[in-house]
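Notes follow once the structure below has been shown.
The values are calculated or read from the model by the stated rules, or taken from the named source; none is laboratory data. Worth saying up front: this structure is predicted, and the values here are computed from it rather than measured. Note that we place each Cβ from the backbone using ideal geometry, even for glycine, and neighbour counts take in every protein chain shown. Accessible surface is based on the protein model in full, side chains and every heavy atom, while ligands, DNA and RNA are left aside. Shrake-Rupley method; radii C 1.70, N 1.55, O 1.52, S 1.80 Å.
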Amino acid sequence: MEKKKSLIPFFTKGDVGGLTYMIANNIVNYIIVIATLRGFAWPDEIIFGRVIPGLSIGLMVGGIYYAIMAWKLSRNLQTPNVTALPSGISTPAMFVILFGVISPMHYAIEDPEIEWAAATAACFIGGFVEFLGGFIGPWIKKHLPRAALLGTVAGIGFIWMATQGVFDVFGDPVVGLPILAVAMLGVFAGYLFPKKISPFMVAIVGGIVYALALGRTSFDFSQVGFYFPNPVNTVQTLISGFVYVVPYLTVIVPVEIYNFIETMDNVESANVAGDAFSVREAQFADGICTMISAIFGGVVPNTVWLGHAGLKKTNAGAGYSWISGVVLGLAGVLGLFTVLSDLVPPAVAAITFLWCAVIMVAQAFKECKTKHYAAIAIAMVPSIADYLFTQVEAALATGSMMEGGYGIWSEALESGLKGFQDDVTELLISNGAMWNGVPAVKSGAIIIGILLGSMCVFMIDKKLKSASLIALAGAVMSLFGFIHNAALGFYPTSPFMIGWLIVAVILFVLDFGKGKWFDAPDDFDYV
């Protein structure tokens, strides 16, 4: 029997567009990672010597593997018309790790070495959750409302990313406002320059040139070199980081569930476009590549991207995937991204913050039914508590240090919450701060958002029994400290557990009354 051979050309003209798509969009994410970590006072030795190389190695392995998947599919189908799955940094998960894990750790610990260790552990755990998605993904996708997942991610995008983007633009308005205006013409209004050049890319490249001309930035090749992290040392550090990352599991696990569901959706989209890739294999690959990235020092996860259908229309093959992977891998290991740190003005990173945030919010509403918009909005709210808590905590820490203290105002309360001492809490509330309930919602904000959003969806869909089960899940999570608590534990007298349990009972009872003494019209519209 004649052995089947792959029919995909080694490189095609269509791969040029794929290369641009993969490399340009990943570089935008690199810029965000570098700018954010520098904002957390991480030294260049950690950022460019560990994080960027580890991230790049994970992307390289992913790009090569997805090309191999395309070659295998081409061989099995005996057709050259196969396009590799686009892949790269998971933008939503990246922001959650940066602002939901690293940011609060930074304000609490203020030790970049420990923060990096915990971040690599978080990344590794996230990769393992992605890997598990190959087994449990279909069940979760079937039972967890999409509005709840997208709403929580949209909340993170809006409160952390969009606000930071706008604030950074006005931090240097001479540079920031023109860059923002040009970028908005492309990403929100759809304008194009000749040869279909996007104003967004013009804003990024032109913004760098503009800032360089004004003397705001400079070229610096002094740090270009060879940065290949020692995985043995990284693994030892990663293991020590597990201790610090445990309180953030309530952030990591939900966003990685969202991540592998997005991978499922994107691979299924490729299947519809004509390339029958294995969803499970792609989820395994995402998880393994993310864990490899963590082992080498990376802190953000990989994922399959949207865009396969568009790349297929341009006749992209497999070449763009492995070549972009190798290019990004070598750029990270050779320290080429160190040049970006001094060359790219904060306003360029700011417009990517704003762009990604708006897309995440818009996607949440676009991909869900109109009647579920309330669930999306409710799921977005808990992230505000996380933001408020972090900002107030940082402000009080600064004041404490100026007075010679070192944060003695903060403590783990008897209820299990991490909060402030009674006198500080009373002072905040009496001076008009929106603080009542903030610490309770901050702890496990993402899960709380999913619970509230899911409960709302099931109520709207007249599935009160399902809503009751969601509330019961909230009670169980409160009991063991996954939500509303500073640390995992056993909290049998938790008022939050009792509250969720009462809601579960009420909804269960009301479900029996449906169509009898408790009902709602099918055409009810709350807007």
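Among the numbered criteria (1) open to solvent by 60 Å² or more (accessible area, probe 1.4 Å); (2) aliphatic (A, V, I, L, M); (3) more than 20 Å from Ala148 (Cα to Cα), which one does Leu472 miss?
Leu472 satisfies every listed condition except (3).
Select from segment 339-359 the residues that are out of contact with any Leu (no Cβ under 6 Å at 6 or more places or on another chain), under 30 Å from Val153 (Cα atoms) and of a type in the set (Val, Ile, Thr) and write down the one among them that is most open to solvent (accessible area, probe 1.4 Å).
Here is the first cut: in segment 339-359, the residues out of contact with any Leu (no Cβ under 6 Å at 6 or more places or on another chain) are 339-350, 352-359.
From what's left, under 30 Å from Val153 (Cα atoms): 340-341, 344-350, 352-359.
Checking the rest, the ones that are also of a type in the set (Val, Ile, Thr) come to 344, 348, 352, 358-359.
Details: Val344: 21, Val348: 0, Thr352: 1, Val358: 55, Ile359: 77 Å².
Taking the candidates together, the pick is Ile359.
May I ask you to list the residues in segment 91-128 that are buried (at least 20 other Cβ atoms within 10 Å of the Cβ), at pLDDT 90 or above and either within 18 Å of Gln283 (Cβ to Cβ) or polar (S, T, N, Q) (or both)?
Thr120, Cys123, Phe124, Ile125, Gly126, Gly127
Please go through (1) of a type outside the set (Gly, Ala, Ser); (2) under 30 Å from Ala385 (Cα atoms); (3) surrounded by 13 or more Cβ atoms within 10 Å (Cβ to Cβ) for Pro173 and return the number of the only condition it doesn't satisfy.
(3)
List pairs: first in segment 364-386 and closer than 18 Å to Ala445 by Cα, second open to solvent by 30 Å² or more (accessible area, probe 1.4 Å) and of a type outside the set (A, V, I, L, M), Cβ under 6 Å, 6+ apart or cross-chain?
Between residues of segment 364-386 that are closer than 18 Å to Ala445 by Cα and residues that are open to solvent by 30 Å² or more (accessible area, probe 1.4 Å) and of a type outside the set (A, V, I, L, M), the close pairs are Ala385/Lys442; Asp386/Lys442.
Quick one: count up the residues across segment 429-469 that are open to solvent by 20 Å² or more (accessible area, probe 1.4 Å), in contact with a Pro (Cβ under 9 Å, 6 or more places away or on another chain) and in a loop (DSSP other than H, G, I, E, B).
The number of residues fulfilling the criteria is 1.
Considering every residue within segment 179-190, establish whether at least one is open to solvent by less than 10 Å² (accessible area, probe 1.4 Å) and either assigned to a helix (DSSP H, G or I) or modelled with pLDDT of 90 or more (or both).
Pass one, segment 179-190, residues open to solvent by less than 10 Å² (accessible area, probe 1.4 Å): 179, 183.
Filter once more, keeping what is either assigned to a helix (DSSP H, G or I) or modelled with pLDDT of 90 or more (or both): 179, 183.
Yes, because at least one residue in segment 179-190 is open to solvent by less than 10 Å² (accessible area, probe 1.4 Å) and either assigned to a helix (DSSP H, G or I) or modelled with pLDDT of 90 or more (or both).
Determine if segment 370-381 includes at least one residue that is modelled with pLDDT of 75 or more and in contact with an Asp or Glu (Cβ under 7 Å, 6 or more places away or on another chain).
First pass over segment 370-381, keeping only residues modelled with pLDDT of 75 or more: 370-381.
So of that shortlist, the ones also in contact with an Asp or Glu (Cβ under 7 Å, 6 or more places away or on another chain) come out as none.
No, segment 370-381 contains no residue that is modelled with pLDDT of 75 or more and in contact with an Asp or Glu (Cβ under 7 Å, 6 or more places away or on another chain).
How do the pairs read when you match residues in segment 325-354 that are closer than 24 Å to Thr290 by Cβ with residues anywhere that are surrounded by 21 or more Cβ atoms within 10 Å (Cβ to Cβ) and of a type in the set (D, E, K, R), using Cβ under 9 Å and keeping only pairs 6 or more apart or on different chains?
Between residues of segment 325-354 that are closer than 24 Å to Thr290 by Cβ and residues that are surrounded by 21 or more Cβ atoms within 10 Å (Cβ to Cβ) and of a type in the set (D, E, K, R), the close pairs are Ala349/Asp168; Phe353/Asp168.
For residues in segment 258-271 being surrounded by fewer than 20 Cβ atoms within 10 Å (Cβ to Cβ) and modelled with pLDDT under 80, which is nearest to Glu367 (Cα to Cα)? Spell out the reasoning first.
Initial filter on segment 258-271 (surrounded by fewer than 20 Cβ atoms within 10 Å (Cβ to Cβ)): 265, 268-269, 271.
So of that shortlist, the ones also modelled with pLDDT under 80 come out as 265, 269.
Working: Asp265: 12, Ser269: 14 Å.
Among residues in segment 258-271 that are surrounded by fewer than 20 Cβ atoms within 10 Å (Cβ to Cβ) and modelled with pLDDT under 80, the one nearest to Glu367 (Cα to Cα) is Asp265.
Do any residues in segment 514-527 that are under 14 Å from Ala374 (Cβ atoms) have Cβ atoms under 6 Å from those of residues that are open to solvent by 100 Å² or more (accessible area, probe 1.4 Å) and not in a loop (DSSP other than H, G, I, E, B), where the two are at least six apart or on different chains, and which pairs are they?
Going by the 6 Å Cβ cut-off, there are no qualifying pairs.
Here are the criteria: (1) out of contact with any His (no Cβ under 9 Å at 6 or more places or on another chain); (2) among the charged types (D, E, K, R); (3) crowded, with 16+ Cβ neighbours inside 10 Å. Tell me which single one Arg146 does not satisfy.
(1)
For segment 37-56, what are the residues that are out of contact with any Pro (no Cβ under 8 Å at 6 or more places or on another chain) and open to solvent by 10 Å² or more (accessible area, probe 1.4 Å)?
Taking segment 37-56 first, the residues out of contact with any Pro (no Cβ under 8 Å at 6 or more places or on another chain) are 37-39, 44-45, 47-48, 51-52, 55-56.
Answer for segment 37-56, where residues must be out of contact with any Pro (no Cβ under 8 Å at 6 or more places or on another chain) and open to solvent by 10 Å² or more (accessible area, probe 1.4 Å): Arg38, Gly39, Asp44, Glu45.
Would you check which residues across segment 168-196 are in contact (Cβ under 8 Å) with a residue 60 or more places away in the chain and not aliphatic (A, V, I, L, M) and list them?
Result: Asp168, Gly171, Asp172, Gly176, Phe188.
Could you list, in sequence order, the residues of segment 197-214 that are part of a loop (DSSP other than H, G, I, E, B) and either in contact with a Phe, Trp or Tyr (Cβ under 8 Å, 6 or more places away or on another chain) or open to solvent by 60 Å² or more (accessible area, probe 1.4 Å) (or both)?
First, pick out the residues of segment 197-214 that are part of a loop (DSSP other than H, G, I, E, B): 198, 214.
Within segment 197-214, Leu214 is the sole residue that qualifies.
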